[in-house]
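Data block below; observations after.
Only the coordinates and a few stated rules stand behind these numbers; no lab work does. If you're wondering where the values come from, they're calculated on a predicted model, not measured in any experiment. Ideal geometry is used to build each Cβ from the backbone, glycine not excepted, and the neighbour counts take in all protein chains shown.
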Amino acid sequence: MNRTADPSDHERMGTRALGILDELARPLILLPVAAVDRILTPIQKRVGIDKMGYFFVLPNLLIFGIFVLFPMLLNFYYAMTGGTKLFPEDRPFVGLDNFATLFDCDDFLSPNTCQEDLFWRGISNTIQFVVFQVSGIVFFSLVTALVLNRKIVARGFFRSVFFYPVLLSPVVVALIWKWVLQHEGVLNAIVEIFGAESKRWLLDTNWAMFWVVFVSVWALMGFYTLILLAGLQSIPPELYEASSIDGANHWQDFRFVTMPLLMPTMFVVLVLSLIRAVQMFDHIFVLTGGGPGTRTQLIVQYIYTTGFSNQIQLFGLSAAASMVLGISLLVLTLLQLRLGNQSSLA
Amino acid sequence: MRKFVAILVVLSMLLAAVPAFSQDMVELRIRWYDDGNEGEVLRDLLDRFEADNPDISVEIDTVPYRAILENLPLDLAAGEGPDMARVTDLGGLAEYYLDMTPYLSDPGYWEENFGPFLNWKRLPGDDSSIPGFMTQLTITGPFINRTLFEQAGIEVPSDMSDSVTWDEWAAASVAVAEALEIPYPMAMDRSGHRFAGPAISSGAMYFDDMGHPTVMDEGFRDMAERFVNWHLDGTMHPEMWPLSEGYAGANEEFANAELVFYMSGSWQVGQFSEQIGDAFDWQTVPNPCGPGGCTGMPGGAALVGIGATEHPEEVARVMEYLASQDVLGEFAARTLFIPAHAGLSASGVDFDTDLQLAKDSLGVFVGQVGTLEQTAFDLQAYAFNRALFDATRDRLTQAMVGELTLDEAIDRIQDDVDTALAEQG
């Protein structure tokens with residue numbers, strides 16, 4: 001006679017299985033713990049428990065020191081040297097000459113009056129790009145997150161669709177859009193269907209900047225949407241219930257509940273997107289090559305070209321430009337942190 | 001248990017013996033880039049070398065051309081380079097080359113057959129080192145789509161005259177493009193090297209009396225003005241120069257019959273034979289003329305030994321094999337490259353193609369060698385010519401999109417070159 005298993009059977013089987021696993025796993029866990037304990041206990045006895053924290057962060061500090069701090073210091077040294085030799089000991093010390101070259105300008109708003117005109121074109125283009133791209137990313141990510149947070153049809157599908165471009169290689173993204181925007185491309189085919197005249201979208205100096213902003217927003221907003229979506233989902237639904245009892249409409253919900261509680265997440269999005277925007281290189285390099293002319297050449301491309309692409313590689317000038325970029329980013333981030341702290345205090 | 005231990009001991013002894021067996025084998029690495037099928041041909045030739053020389057194994061690391069221009073110099077400066085490399089920045093990297101003279105069985109053969117081109121790979125003041133050999137000699141020059149001329153009912157200018165000017169070619173190309181609604185009348189590789197030939201033909205001197213590079217003359221300005229205007233009025237492919245970074249070519253447009261006249265060079269013959277075949281009549285025409293002559297630019301790529309190699313003798317053996325007349329002749333024949341080898345130039349190369357268009361095209365390029373101006377050879381031999389070429393390319397592009405006036409662009413080219421050379425010291 002077949003006997004039907006009751007829940008208590010499953011429970012017993014499960015407990016037994018866990019017991020076996022536990023028996024198997026225990027030595028796997030305990031052995032390393034014992035080994036680590038054997039190493040750490042004498043150290044703790046010697047340095048004291050208060051200082052053990054330093055010991056634990058040491059591996060991370062070493063990695064940071066070797067791969068971040070040391071290159072930064074080396075870059076600082078390179079910025080103070082001239083010539084074209086690669087090794088620091090072969091390079092003559094020139095003090096602040098490279099910075100003087102970068103800042104040798106009659107009128108900072110007119111790059112043609114500057115000795116390093118391409119540096120100032122890069123600065124000007126970077127500022128424009130950052131303002132429009134970061135604004136675009138924050139705005140469109142927020143709108144998309146708000147929509148995807150609602151109970152709409154095929155919500156999971158749309159969440160995947162908006163995130164999908166983030167998974168693509170920047171080169172692939174840029175090549176796809178280049179194909180769309182070229183003169184014999186998809187966009188002009190559509191434009192012509194509607195009877196309008198086709199255009200060389202990337203050759204027009206004004207449109208070129210628009211399109212590099214558009215493509216980078218398209219490619220990256222999925223990531224920031226995801227962060228904002230997580231922020232929206234962490235807002236307790238009771239607050240919306242309370243506000244609806246108080247008679248608040250959708251706008252008031254957004255203005256007085258959503259936005260204040262989303263501000264810390266918005267701040268994270270703002271800082272991350274700002275840093276990414278200032279460092280932007282890959283999408284633009286493939287899409288326009290920094291052109292037409294230098295219209296979409298950002299500061300990072302200037303650093304790359306000066307230091308690596310030219311036959312006579314000016315590492316010192318390139319390092320000085322990257323220091324200017326690094327310091328600008330640091331100032332911007334500190335400013336944002338300060339503003340963020342002020343708004344959270346308010 | 002004893003059996004298990006015995007097996008372990010035998011295995012470990014075997015493993016230990018493997019490096020001992022392979023100690024006699026020297027592995028050499030070549031950093032290489034491909035324009036066409038030359039990597040495949042080289043591999044085939046090296047397989048034969050390895051069969052006859054079991055103590056040497058040669059690995060080819062094929063990289064994009066950009067990596068040869070940008071990454072290889074850094075690797076060489078850091079002492080991390082390969083044993084051999086295919087380079088086009090011939091003089092610019094000369095300080096890193098291996099002088100193979102002491103390791104060669106017959107240095108005289110190299111002087112005799114590669115003599116005129118060895119200077120391109122030497123440092124100033126050096127007149128004796130043998131760092132490598134040219135894998136090909138290149139000549140810049142224009143290709144036309146003859147079929148389009150015929151379809152448009154327009155005479156090919158070079159059929160009527162031996163010295164056609166740039167303006168005449170431009171007018172004819174525009175006429176063909178307009179008649180057949182072809183998108184691009186003309187295109188030129190995005191390269192200062194490609195621009196140099198037309199500029200010299202217009203009278204550009206490129207060097208002042210002291211031998212310092214200069215672009216401050218009427219000849220250069222004349223061609224630069226013409227070239228910028230052709231981009232503005234649509235005679236030249238309007239996107240290729242303004243919307244690219246570094247080198248760009250119009251191979252696809254030409255192969256797709258969207259381009260009438262394409263200023264490029266002899267290294268394209270192999271590619272066009274593959275891509276176009278006889279789908280339409282493509283043809284090389286003599287370089288257009290101006291007051292300074294009818295010149296293109298010589299150039300080419302060289303396979304050089306790298307000074308930091310730990311195996312100079314083996315490098316020299318590989319190079320001797322590859323540079324031997326028979327092997328180099330086969331390489332040239334199968335890749336459709338013009339050999340830079342006196343013996344092969346004298347005997348001629350039976351190019352390995354049934355395509356008459358390719359043979360004719362190579363014939364025209366070989367015939368152009370005699371028309372090259374001395375300035376073109378001097379410029380090619382100048383170690384820092386790429387600084388001049390790159391500045392020309394980038395600053396003229398800025399003039400095309402209105403960021404600089406033509407005079408500002410020319411001033412900037414000169415400033416860029418002067419600044420870079422001052423840093424170089």
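Structure summary
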| item | result |
| --- | --- |
| Value of [θ]222 nm, deg cm²/dmol, for chain A, DSSP H segments ≥ 4, -39500 (n - 2.57) each, nearest 500 | -23000 deg cm²/dmol |
| Between segment B:108-148 and segment B:351-425, the Cα center-to-center distance that results, in Å | 16 Å |
| All Cα pairs of segment A:34-159, percent lying beyond 21 Å | 73 percent |
| Approximate spin-label separation A:Phe67-B:Asp354, in nm, with each point projected 7 Å along Cα-to-Cβ | 5.7 nm |
| Extension gain (nm, one decimal) between A:Ser243 and A:Val147, 0.36 nm per residue minus Cα-Cα | 32.6 nm |
| Calculated FRET value between A:Asp204 and A:Val180, using beta carbons and R₀ = 25 Å, to 0.05 | 0.95 |
| Label zone at A:Gln44 (point 7 Å along Cα-to-Cβ), backbone N below 20 Å, segment A:50-90 | A:50-60 |
| Principal axis dimensions, chain B - Cα atoms, whole angstrom, descending | 89, 51, 48 |
| Neighbour-limited loop hits for trypsin sites (Lys or Arg not before Pro), segment B:114-200 (at most 11 other Cβ within 10 Å; DSSP other than H, G, I, E, B) | none |
| Exposed-site-free run, longest, chain A (rule: GluC sites (Glu not before Pro); DSSP loop; at most 12 other C-beta within 10 Å) | A:1-183 |
| FRET efficiency, 1/(1 + (r/R0)^6) with R0 22 Å, evaluated for A:Phe139 and A:Ile235 via beta carbons | 0.65 |
| Only Lys, Arg (+1) and Asp, Glu (-1) charged, at Cβ; the protein assembly as shown dipole about Cα centre in debye | 4800 debye |
| Max mean-square fluctuation residue, GNM over chain A, Cα-Cα springs under 10 Å, options A:Ile43, A:Ile63, A:Ile29 | A:Ile29 |
| Per-residue [θ]222 nm for chain B (sum of -39500 (n - 2.57) over DSSP H runs n ≥ 4, rounded to 500) | -15000 deg cm²/dmol |
| Computed over segment B:385-425, Cα set: Rg, Dmax in Å | 10.3, 33 |
| Degrees, to the nearest 10: A:52-64 long Cα axis against longest axis of chain A | 40 degrees |
| Among A:Leu31, A:Leu168, A:Leu270, residue whose mean-square fluctuation peaks in a GNM of chain A (springs only between Cα atoms under 10 Å) | A:Leu31 |
| Residue mean of other protein chain beta carbons inside 10 Å, B:70-76 | 3 |
| Among A:Ile327, A:Ile127, A:Ile299, residue whose mean-square fluctuation peaks in a GNM of chain A (springs only between Cα atoms under 10 Å) | A:Ile327 |
| Cα-based Kirkwood hydrodynamic radius, the protein assembly as shown, one decimal, Å | 30.9 Å |
| Square roots of 5 times each gyration tensor eigenvalue, C-alpha, segment B:187-302, largest first, Å | 27, 16, 13 |
| Sequence of B:Asp350, B:Asp209 once ranked by neighbouring C-beta atoms within 10 Å, starting from the fewest | B:Asp209, B:Asp350 |
| Net charge of Cβ neighbours under 13 Å - reference B:Asn229; Lys, Arg +1; Asp, Glu -1 | -2 |
| About the Cα centre, charge dipole magnitude for chain B (Lys/Arg +1, Asp/Glu -1 at Cβ), debye | 920 debye |
| Number of partner chain Cβ atoms within 10 Å, mean per residue of B:415-423 | 3 |
| Euclidean distance of C-alpha centroids, segment B:269-323 and segment A:194-248, integer Å | 51 Å |
| In segment A:246-346, trypsin sites (Lys or Arg not before Pro) in a DSSP loop with at most 15 other beta-carbon atoms within 10 Å | none |
| FRET efficiency for B:Leu232 and B:Glu313, using Cβ-Cβ distance with R0 set to 60 Å, rounded to 0.05 | 0.55 |
| Cα pair distances in segment B:70-175, grouped into 5 Å bins until the bin that holds the longest one, percent each | 2, 9, 16, 14, 11, 6, 7, 9, 10, 9, 5, 1, 0 |
| Segment B:171-244 and segment A:63-80: distance between their alpha carbon centers, rounded to Å | 44 Å |
| Orientation-averaged projected area, Cα convex hull of segment A:219-299 (nm²) | 6.7 nm² |
| Inverse of mean 1/r across different Cα pairs in segment B:241-343, Kirkwood, Å | 17.1 Å |
| Segment A:108-345, Rg to Rh (Cα coordinates; Rh as Kirkwood inverse mean 1/r) | 1.04 |
| Average beta-carbon neighbours from other chains, 10 Å sphere, peptide B:388-398 | 3 |
| Residue-count net charge about B:Pro286 - beta-carbon cut-off 13 Å; Lys, Arg +1, Asp, Glu -1 | -4 |
| Distance (nanometres) between label positions extended 7 Å along Cα→Cβ at A:Leu109 and B:Glu225 | 3.3 nm |
